[in-house]
Amino acid sequence: MKKKKDVLRKKDIGNIALIISILFLLPGFFCFLYNSLTFAFYLYPIEDGEGLVMNMTKLLYEKKALYTEINSFYIANNYPPLYPLLNLILVPFLGLGFLSGRLISLFSILLVSTLLFLILKKETKNIYIALIFSFLFLHIDYIYSATALYRVDMAGVFFSFLGFYLFYKKQKIIFPIIAFLFAIYTKQSNIAALLAVITCIFITERKKNKAINFLILFLILFTIPSFILMFITKGEVFRHLVTYNANVYELERFYIYLDKFIEKNWLFLVFSPIYIIEIILKKKYKEPIFLYLLFSLLPLFASGKVGSSYHYLFEPTGVLSLASGLGFFKIYNSKNKFFYGIIFSILLIYIFTSYHKVIKTISLESQVPQDKALLSFISKTEGKILSEEKGTGYILLSGKDIYFYPFIMSQLAREKKWDQEKIINEINNKIFSKVLLNSDLSNPSYLTSERFTREILSSIRQNYVFEGIIGDTWIYSPKLQ
């Protein structure tokens with residue numbers, strides 16, 4: 001009787017601690033929503049990569065082809081078409097601005113958090129733990145501060161998780177397959193969940209018919225639209241999505257993102273090994289969550305590719321938070337009072353020490369005057385404009401076309417996949433009425449130097465002169481004859 005009372009008392013204390021944790025996480029969640037909506041409804045560019053994706057939507061809206069030979073427009077549209085198509089649906093209601101894409105991204109990451117909650121709730125039968133770790137996922141620095149952006153990454157991660165969840169819920173194979181197809185047609189590197197599911201089916205099914213049927217059906221549904229796109233674009237879709245994406249891999253870049261991943265996810269890295277150890281001890285290697293955890297290391301490793309960013313960490317972070325919640329639950333559900341106290345101490349210490357980072361609201365009002373001034377300047381400028389990444393967003397908002405997307409094209413030039421002589425000749429002939437850079441041309445920053453080849457920067461120096469600065473944008477005009 002006494003033993004039973006001790007167990008009940010421990011569970012009561014544990015539930016109180018869990019409720020306290022949720023109460024401290026809730027303000028951070030509301031701040032996340034407020035900040036994300038602030039980003040979503042901001043009229044101007046926030047992140048450098050938004051312009052390229054928004055331009056894909058603009059091309060579709062104007063009924064122009066996405067994947068064409070690089071000729072008069074020097075742009076490689078290196079993302080699949082689904083995300084721009086989703087935005088195209090919203091253009092009649094929200095206009096051709098940043099709002100549609102940012103809202104899609106925000107809802108996508110909220111849905112990922114919801115799927116994490118549903119899986120954890122089913123696995124643990126504990127709504128409090130499920131809530132805590134779905135909230136903690138949103139509190140990770142690079143997710144908390146960069147969710148509502150006009151980028152493909154968040155929607156791609158959602159479709160991957162959705163496919164995994166539908167398989168996990170034992171739905172008919174067609175449903176997870178469709179979700180995985182959506183994931184790949186949003187961002188072609190979203191294959192971790194698909195590989196985990198295929199592996200799980202092959203190693204768990206005694207009769208391989210189900211696995212073979214899954215694979216054949218997926219390949220058919222993937223191949224048909226791929227061949228149609230190949231035929232329509234005369235093979236350009238393959239060059240844009242595969243050839244132009246095969247950038248150089250740098251271990252140093254991977255180490256930088258790995259270090260960031262470890263630093264920001266230390267709580268998950270404390271609890272998830274508990275889940276992994278249990279899997280190893282009980283030899284449950286066929287568990288779909290465990291397999292997803294293993295395959296989620298692929299996008300983390302892919303972060304070393306030139307052109308990658310912290311967005312490659314989103315999916316591994318989500319799966320790690322899932323494994324972490326399961327690891328926490330194993331100790332929570334045990335009878336060991338010592339470890340029971342330790343896990344709650346670690347959890348509460350993490351929440352309290354990170355509290356000041358998430359309990360803050362972001363205001364972009366101070367940026368409005370300079371953004372408004374830059375957009376006005378670009379709108380009044382006649383002729384073509386050559387701009388670094390962030391400036392492309394203002395060019396699109398002004399109703400003009402983007403003629404050159406520097407980072408991708410410079411990478412292709414360095415790798416001898418594209419001849420840059422034509423644009424260098426255009427710069428020499430002063431075809432562009434203005435050149436917009438994010439740093440001083442006489443002493444370019446690392447990013448500016450990475451986004452433009454030495455030859456292009458040299459040509460700009462020889463043919464353009466400094467005109468002025470608006471915000472953090474350096475403006476250059478053609479030299480007079």
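Assign one of three labels to the stretch 384-481, namely rounded, prolate or oblate, based on the Cα gyration tensor with a ≥ b ≥ c the square roots of its eigenvalues; rounded applies when a/c is under 1.5, prolate when it is not and a/b is larger than b/c, and oblate otherwise.
Verdict is rounded for the stretch 384-481.
Rank Leu269, Thr223, Cys200 by how far each Cα sits towards the positive end of the charge dipole of the chain (+1 on Lys, Arg Cβ; -1 on Asp, Glu Cβ) and give me just the farthest.
The residue sitting most towards the positive pole is Cys200.
Taking the Cβ of Glu236 as the centre, find all other residues whose Cβ is under 15 Å away and add up their charges (Lys, Arg: +1; Asp, Glu: -1).
Numbers: positive: Lys64, Lys234, Arg239, Lys417; negative: Glu69.
The answer is +3.
Which listed residue (His311, Tyr355, Ile408) has the Cα farthest towards the positive end of the charge dipole for the chain, taking +1 on Lys and Arg C-beta and -1 on Asp and Glu C-beta about the Cα centre?
Result: Tyr355.
Indicate the gyration tensor shape class of the stretch 247-379 (rounded, prolate or oblate), computed on the Cα atoms with a ≥ b ≥ c the square roots of the eigenvalues: a/c under 1.5 is rounded; otherwise a/b larger than b/c is prolate and the rest oblate. Don't skip to the end; give the middle numbers.
Details: a/c = 3.24, a/b = 1.61, b/c = 2.02.
Verdict is oblate for the stretch 247-379.
What percent antiparallel are the DSSP beta bridges of the chain, to the nearest 5? List each step's numbers first, then the result.
Details: 10 of 15 bridges.
Expressed as a percentage, antiparallel bridges in the chain total about 65.
Compute the FRET efficiency between Gln370 and Ile19 as 1/(1 + (r/R0)^6), taking r as their Cβ-Cβ distance and R0 = 45 Å, and round to the nearest 0.05. All intermediate terms of the calculation are to be shown ahead of the outcome.
Working: r = 45 Å, r/R0 = 1.00.
For Gln370 and Ile19, the calculated efficiency is 0.50.
Filter the GluC sites (Glu not before Pro) in the stretch 377-481 down to the DSSP loop ones having no more than 11 other Cβ atoms within 10 Å, then list what survives.
On the way: sites: Glu382, Glu388, Glu389, Glu415, Glu421, Glu426, Glu450, Glu455, Glu467; in loops: Glu382, Glu388, Glu415.
Within the stretch 377-481, the qualifying GluC sites (Glu not before Pro) (loop, at most 11 other Cβ atoms within 10 Å) are Glu382.
In nm, to one decimal, how far is the modelled label at Lys283 from the one at Asn428, with both set 7 Å along Cα→Cβ?
Inter-label distance under the simple model: 7.1 nm.
Quick one: of Lys260/Lys337; Lys187/Lys264; Lys390/Lys430, which pairs are farther than 30 Å apart, Cα to Cα? Before the final figure, lay out each step's value.
Values: Lys260/Lys337 33 Å; Lys187/Lys264 24 Å; Lys390/Lys430 22 Å.
Checking Cα-Cα distances, Lys260/Lys337 exceed 30 Å.
Once the other residues with Cβ under 13 Å from the Cβ of Thr186 are scored (Lys, Arg +1; Asp, Glu -1), what is the net sum?
Values: positive: Arg151, Lys187; negative: Asp153, Glu315.
Value of the local net charge: 0.
Loop-only check: which chymotrypsin sites (Phe, Trp or Tyr not before Pro) in the stretch 36-100 are DSSP coil with at most 14 other Cβ within 10 angstrom? Don't skip to the end; give the middle numbers.
Numbers: sites: Phe39, Phe41, Tyr42, Tyr61, Tyr67, Phe73, Tyr74, Phe93, Phe98; in loops: Phe41, Tyr42, Tyr67, Phe73, Phe98.
Within the stretch 36-100, the qualifying chymotrypsin sites (Phe, Trp or Tyr not before Pro) (loop, at most 14 other Cβ atoms within 10 Å) are Phe41.
Charges at C-beta only: +1 for Lys and Arg, -1 for Asp and Glu. How large is the resulting dipole of the chain about its Cα centre, in Debye rounded to 20?
Numbers: 53 positive and 34 negative charges, 543 e Å.
In total the dipole reaches around 2600 debye.
For the stretch 1-147, with every protein chain kept in place, what is the accessible area per residue (1.4 Å probe, Å²)? Before the final figure, lay out each step's value.
Details: 6410 Å² over 147 residues.
Result: 44 Å² of accessible area for each residue.
Let's see if you can work this out: charge +1 on each Lys and Arg Cβ, -1 on each Asp and Glu Cβ, no other charges. What is the dipole magnitude of the stretch 318-424 about its Cα centre, in debye to the nearest 20?
Working: 14 positive and 9 negative charges, 124 e Å.
Here the stretch 318-424 has a charge dipole of around 600 debye.
Using a probe of 1.4 angstrom, how much of the accessible area of the chain is carbon and sulfur, in percent?
On the way: 14390 of 22290 Å².
On the chain, the fraction of accessible area on carbon and sulfur atoms equals 65 percent.
Could you estimate the translational diffusion coefficient of the stretch 118-188 from the Stokes-Einstein equation, with Rh from the Kirkwood formula over C-alpha pairs, at 25 °C and 0.890 mPa s, in whole µm²/s? Don't skip to the end; give the middle numbers.
Numbers: Rh = 13.5 Å.
Answer, rounded: 182 µm²/s.
Quick check: from the Cα gyration tensor, does the stretch 172-273 come out rounded (a/c under 1.5), prolate or oblate? List each step's numbers first, then the result.
On the way: a/c = 2.79, a/b = 1.18, b/c = 2.36.
Oblate shape, in that a/c is at least 1.5 and b/c is the bigger or equal ratio.
Could you give the dipole magnitude of the stretch 442-481 about its Cα centre, charging the beta-carbon of Lys and Arg +1 and that of Asp and Glu -1, in debye to the nearest 20?
Working: 4 positive and 4 negative charges, 28 e Å.
With only Lys, Arg, Asp and Glu charged at Cβ, the dipole is about 140 debye.
Provide the net charge surrounding Arg151, with neighbours chosen by a C-beta distance below 11 Å and charges set as Lys +1, Arg +1, Asp -1, Glu -1.
Values: positive: Arg102, Lys187; negative: Glu47, Asp48, Glu50, Asp153.
Residues close to Arg151 contribute a combined charge of -2.
The values are calculated or read from the model by the stated rules, or taken from the named source; none is laboratory data. The shown structure was predicted, so the numbers you read here are calculated from the model rather than taken from an experiment. Positions of Cβ are generated from backbone atoms using ideal geometry, with glycine treated the same way; all protein chains shown enter the neighbour counts. We work out accessible area using only protein heavy atoms, side chains counted, and drop any ligands, DNA or RNA first. Shrake-Rupley method; radii C 1.70, N 1.55, O 1.52, S 1.80 Å.
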